[in-house]
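As structure tokens, the structure follows; a few thoughts come after it.
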Amino acid sequence: MLSQSDKKQAVAKKAVEYIEDDSYIGVGTGSTADCFIQELKTIKHRIQGAVASSENTLTQLKSLGIPIVPLDSVVELDLYIDGADEATRHRHLIKGGGGALTREKIVASASKKFICLIDDSKLVEKLGLFPLAVEVIPMARSMVAREIVKLGGSPNWRQGFITDNHNYILDVQNLNILEPALLESKLNQIAGVVSNGIFAYRPADQLLIGTDQGVEVI
Ligand code: 5RP
């Protein structure tokens, strides 16, 4: 039996095979993305540049001498690689456990291809067991929380946590996510919401899933 950490390492290693020479890539955030960043070290001479999805990822990329570019300087990224908290076989995701969802969504949206790396414990029939992160403008925190309650959710303020964009996170449980794209859009309509962790409008194009039998590709 492989550990969750072994599975993360395996998908990170596999992901490197998808990077083409002279490409621009987006790099995600979290422990799985961290494994991928370590793998990037070995092929850093083959990429033109990397866009980071968080300050944490930026620091790591810089320390490894991986060429960094701002998103503004690239029209479209060739590939985005990131982890997720939950994924379905339709490649809809919940992300944002690490609080970097907004920049992650921006970088994913700016990329031709999004490969998501998970271990098999994160593959679900239906999204929503993992609390859904919603990034909010600080002054709107209570108001947004009340609106989320009207949608059936139970929001919890992630106290002591400030996002890279200087905002707050509400972690929402009990949402019945039958139609991920619809809920993604509804949440974004609430004034004060910056973004939410459902990735359905821009799902992953491919899932690499770490299993005991090896890496499964969907
Ligand atoms: C951060 C994220 C991460 O991709 C997600 O939380 C998965 O993290 P990990 O790879 O540590 O399990 O969305 O905002």
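Let me spell it out: the conditions are (1) part of a helix (DSSP H, G or I); (2) within 16 Å of the ligand (Cβ to nearest atom), and I43 meets all of them except one. Which number is the exception?
(2)
Could you grab me the full set of residues in segment 1-41 that are among the aromatic types (F, W, Y) and either without any contact (Cβ under 8 Å) to a residue 40 or more places away in the chain or surrounded by fewer than 18 Cβ atoms within 10 Å (Cβ to Cβ) (or both)?
The one that is among the aromatic types (F, W, Y) and either without any contact (Cβ under 8 Å) to a residue 40 or more places away in the chain or surrounded by fewer than 18 Cβ atoms within 10 Å (Cβ to Cβ) (or both): Y18.
For segment 69-88, check the following and say yes or no: at least one residue is touching a residue at least 60 places away in the same chain (Cβ under 8 Å) and open to solvent by 50 Å² or more (accessible area, probe 1.4 Å).
No, every residue in segment 69-88 fails to be touching a residue at least 60 places away in the same chain (Cβ under 8 Å) and open to solvent by 50 Å² or more (accessible area, probe 1.4 Å).
Taking segment 188-203 on its own, how many of its residues are open to solvent by 20 Å² or more (accessible area, probe 1.4 Å), under 18 Å from A110 (Cβ atoms) and among the aliphatic types (A, V, I, L, M)?
Final tally of qualifying residues: 1.
More than 10 Å from the ligand (Cβ to nearest atom), out of contact with any strand residue (DSSP E or B) (no Cβ under 8 Å at 6 or more places or on another chain) and under 16 Å from A52 (Cα atoms), is that true of I115?
Answer is no for this residue.
Take segment 160-187 and flag every residue that is open to solvent by 70 Å² or more (accessible area, probe 1.4 Å) and outside any strand (DSSP E or B).
G160, I162, H166, N174, N176, L178, E179, L182, K186 - these are the residues of segment 160-187 that are open to solvent by 70 Å² or more (accessible area, probe 1.4 Å) and outside any strand (DSSP E or B).
Please verify whether E147 is among the acidic types (D, E), assigned to a loop (DSSP other than H, G, I, E, B) and modelled with pLDDT of 95 or more, treating the condition exactly as stated.
Taking the combined requirement at face value, the residue does not satisfy it.
The values are calculated or read from the model by the stated rules, or taken from the named source; none is laboratory data. Please read all numbers here as calculations on a predicted model, not as lab measurements. Cβ coordinates were reconstructed from backbone atoms using ideal geometry, including for glycine residues, and neighbour counts include every protein chain displayed. With ligands, DNA and RNA removed, areas are computed over all heavy atoms of the protein, side chains included. Shrake-Rupley method; radii C 1.70, N 1.55, O 1.52, S 1.80 Å.
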